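These notes concern the structure reproduced below.
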Amino acid sequence: MMTVPYETAKAALLEAAMMHVPFDGWSETTFQAAARDAELSPSVARAICPRGAVDLAIAFHKAGDAAMLERLGETDLSAMKFRDKVTAAVRIRLEVVEDKEAVRRGTTLFALPQYAADGAKLIWGTCDAIWTTLGDTSDDVNWYTKRATLSGVYSSTVLYWLGDDSPDHMATWGFLDRRIENVMAIEQIKAKVRQSPTLSRLMTGPNWLLGQIKAPRSTPNTDLPGSWTAPRE
């Protein structure tokens, strides 16, 4: 009996599922239909995706991230300002989507309380991929704030995009530009606080505390999301 590699079988399941998602969502019905269409036994399909269609929805999102990274690698962003690079990356992430209804169904799935953590993790992963690809070198609390801020921008843009029927999604790109502009305004305020002698003194304590937080990649031997640097005696 021929053995099919895990990733090949999972890709076949996902491809088969895409025909059913617009009608049945990322559901058990879709998963069972995908297993039949991919000619996989129920036990093998379940071994590949223990949570059924939820795992396929996660795979679909990660495939979109991979397509985004491939497109970014082929795009010359060198002449752009950094804020424009971030905007371009978010736009590319949406442009690589081949099935808008699958995203809509996924948004509904990950809005459910039992899957909300999975959805948040996927959004964070997308934004982390964007920042990392664009060359982010922060290793302190800024590592977290950049990804958290972009997660908010990305999430709101996706929701707007799902309801946008303007030509070439021009309304969505305008919405995205405004959200990025909001973020830049916040950064300008933070810069003014740092430059103000009075306000900077008031922030000495909080800034010291935040300065002890390190990005997860600075602690490769732990599964924790970050680290705390103990103050020297």
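The values are calculated or read from the model by the stated rules, or taken from the named source; none is laboratory data. Please read these numbers as outputs of a predicted model, since none were measured by experiment. Note that each Cβ is placed from the backbone with ideal geometry, even for glycine, and that neighbours are counted across all protein chains shown. Each accessible area value is taken on the protein alone, full model and side chains, heavy atoms only, with ligands, DNA and RNA left out. Shrake-Rupley method; radii C 1.70, N 1.55, O 1.52, S 1.80 Å.
Taking Ala57 and the conditions (1) touching a residue at least 60 places away in the same chain (Cβ under 8 Å); (2) open to solvent by less than 30 Å² (accessible area, probe 1.4 Å); (3) not in a loop (DSSP other than H, G, I, E, B), which numbered condition does it fall short on, given that it satisfies the others?
The failed condition is (1).
For Tyr144, are the conditions met, namely being closer than 30 Å to His20 by Cβ, within 15 Å of the chain's Cα centre (by Cα) and buried (at least 17 other Cβ atoms within 10 Å of the Cβ)?
no
When residues of the range 66-98 are filtered for being closer than 23 Å to Ala17 by Cα, open to solvent by 20 Å² or more (accessible area, probe 1.4 Å) and at pLDDT 95 or above, how many remain?
Qualifying residue count for the region: 5.
Looking at the structure I just gave you, is Asp177 outside any helix (DSSP H, G or I), closer than 16 Å to Val90 by Cα and modelled with pLDDT of 80 or more?
In short, no.
Results for (1) in a helix (DSSP H, G or I); (2) open to solvent by less than 80 Å² (accessible area, probe 1.4 Å); (3) modelled with pLDDT under 55, shown as yes or no for each residue.
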| site | (1), (2), (3) |
| --- | --- |
| Thr157 | yes, yes, no |
| Asp165 | no, no, no |
| Val193 | yes, yes, yes |
| Leu209 | yes, no, yes |
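Among the residues of the range 128-140, is there at least one that is hydrophobic (A, V, I, L, M, F, W, C), surrounded by 13 or more Cβ atoms within 10 Å (Cβ to Cβ) and modelled with pLDDT under 95?
Yes, the range 128-140 contains at least one residue that is hydrophobic (A, V, I, L, M, F, W, C), surrounded by 13 or more Cβ atoms within 10 Å (Cβ to Cβ) and modelled with pLDDT under 95.
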